[in-house]
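The values are calculated or read from the model by the stated rules, or taken from the named source; none is laboratory data. None of the values given here were measured: they were computed from a predicted structure. So basically every Cβ, Gly included, is an ideal-geometry build from the backbone, and we count neighbours across all protein chains shown.
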Amino acid sequence: MGRVVVRRAVTVTRRFLVPSEALEADEVRLPPEESHHAAVVLRLRRGERVVLFDGRGVEALVELTRVEPREVRARVVARSAASARGPTVQVTLAQGIPKGGKMDDVIRMGTEVGVARFVPLLTRRALARPSAARLARWRRIAAEAAKQSRRLTVPEVTDPLPLPALWAGERAGPLLMPWEEERAGIGEVLPRLGPVRAVTVAVGPEGGFAPEEVAEARAHGAVTVSLGPTILRTETAGVVTVAMVLYELSLRRIEER
Ligand code: SAM
């Protein structure tokens with residue numbers, strides 16, 4: 001009989017979202033939804049270790065002390081304050097609200113690549129205000145995606161804003177506007193912005209921005225940028241732009257250190 005090779009299972013530490021105040025105590029009670037997920041969906045057991053995080057930069061390694069479908073409790077083993085994990089540049093993605101469920105994908109993928117804040121953007125060609133239920137759904141998706149991609153922070157999803165709000169005080173950092181009529185690419189445009197700690201990216205909906213919107217945005221300081229010779233779907237364009245911006249302004253510098 002051949003040798004039996006015992007392979008140690010690779011364990012991924014599960015993550016659960018709790019309110020910040022809960023992480024201040026040594027014993028933590030998980031919120032009902034997270035208790036259900038831990039006890040019923042994942043079937044975790046007493047004694048297992050998981051990570052709790054507050055979505056604002058604090059996380060704790062805990063040991064489960066009670067596992068019931070309606071109540072999961074845990075004892076804090078170690079706490080960590082906000083760490084340097086994550087991009088050093090805060091990117092807001094102001095996304096022209098697309099039709100159907102495409103915004104779900106934008107929020108999920110944007111959270112994975114590192115968006116700090118999402119603004120559902122009302123534009124001339126995307127005028128329909130999302131319902132409260134849709135907004136709540138996007139916020140849930142952001143929390144779930146942050147958990148899955150082991151982010152310390154959950155990106156905010158703001159209430160819908162009209163495009164002009166981006167130059168009337170609702171904007172973090174310079175405004176970058178992917179526009180298919182522009183010829184200058186990211187590599188040419190970003191150095192013009194100088195050193196920045198935050199950038200807002202505004203992407204048009206399926207029908208794109210109206211020419212007057214682009215003209216008005218430029219008059220208020222927006223910088224238009226090309227994403228290349230092909231036209232990207234709106235739900236692709238925002239995520240691709242954020243990935244490029246973060247690579248150029250944040251991740252590449254970490255690699256170079
Ligand atoms: N209706 C437009 C057309 O047919 O030319 C395309 C709009 S595109 C589907 C939606 C948004 O994605 C645009 O408003 C723009 O912000 C962005 N976008 C897509 N491809 C782009 C590119 N090659 N360069 C710059 N922006 C792009």
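The table that follows gives values for the structure above.
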item: Count - residues of the stretch 153-171 that are of a type in the set (A, V, I, L, M) and crowded, with 19+ Cβ neighbours inside 10 Å; result: 4
item: Any hit, the stretch 179-197, residues being on the phi < 0 side of the Ramachandran plot, surrounded by 14 or more Cβ atoms within 10 Å (Cβ to Cβ) and more than 16 Å from the ligand (Cβ to nearest atom); result: yes
item: Residue in the stretch 174-190 that is within 25 Å of Arg56 (Cα to Cα) and not acidic (Asp, Glu) present; result: yes
item: Residue in the stretch 212-253 that is nearest to Ala168 (Cα to Cα), counting only those that are in contact (Cβ under 8 Å) with a residue 40 or more places away in the chain and polar (S, T, N, Q); result: Thr224
item: Residue count for the stretch 147-165, restricted to those that are within 15 Å of the chain's Cα centre (by Cα) and either of a type in the set (A, V, I, L, M) or within 16 Å of the ligand (Cβ to nearest atom) (or both); result: 3
item: The stretch 1-58: number of residues that are modelled with pLDDT of 90 or more and of a type in the set (Ser, Thr, Tyr); result: 1
item: Selection within the stretch 123-141 - without any contact (Cβ under 8 Å) to a residue 12 or more places away in the chain and in a loop (DSSP other than H, G, I, E, B); result: Leu127, Ser131
item: Yes/no for Ala25 being within 27 Å of the chain's Cα centre (by Cα) and either surrounded by fewer than 12 Cβ atoms within 10 Å (Cβ to Cβ) or within 23 Å of Arg140 (Cβ to Cβ) (or both); result: no
item: Boolean, Ala168 is modelled with pLDDT under 95, in contact with a strand residue (DSSP E or B) (Cβ under 6 Å, 6 or more places away or on another chain) and away from the ligand (no atom under 14 Å from the Cβ); result: no
item: Test: residue in the stretch 99-122 that is touching a residue at least 24 places away in the same chain (Cβ under 8 Å), hydroxyl-bearing (Ser, Thr, Tyr) and buried (at least 20 other Cβ atoms within 10 Å of the Cβ); result: yes
item: Filtered residue count, the stretch 21-79, keeping only those that are in a helix (DSSP H, G or I) and small (Gly, Ala, Ser); result: 4
item: Those residues of the stretch 198-211 which are farther than 16 Å from Leu175 by Cα, more than 7 Å from the ligand (Cβ to nearest atom) and surrounded by 12 or more Cβ atoms within 10 Å (Cβ to Cβ), in sequence order; result: Ala210
item: The lone exception for Thr88 - which of (1) surrounded by 14 or more Cβ atoms within 10 Å (Cβ to Cβ); (2) of a type in the set (Val, Ile, Thr); (3) part of a loop (DSSP other than H, G, I, E, B) it fails; result: (1)
item: Selected residue (only one of Val223, Val214 is more than 24 Å from the chain's Cα centre (by Cα), within 16 Å of the ligand (Cβ to nearest atom), among the β-branched types (Val, Ile, Thr) and surrounded by 14 or more Cβ atoms within 10 Å (Cβ to Cβ)); result: Val214
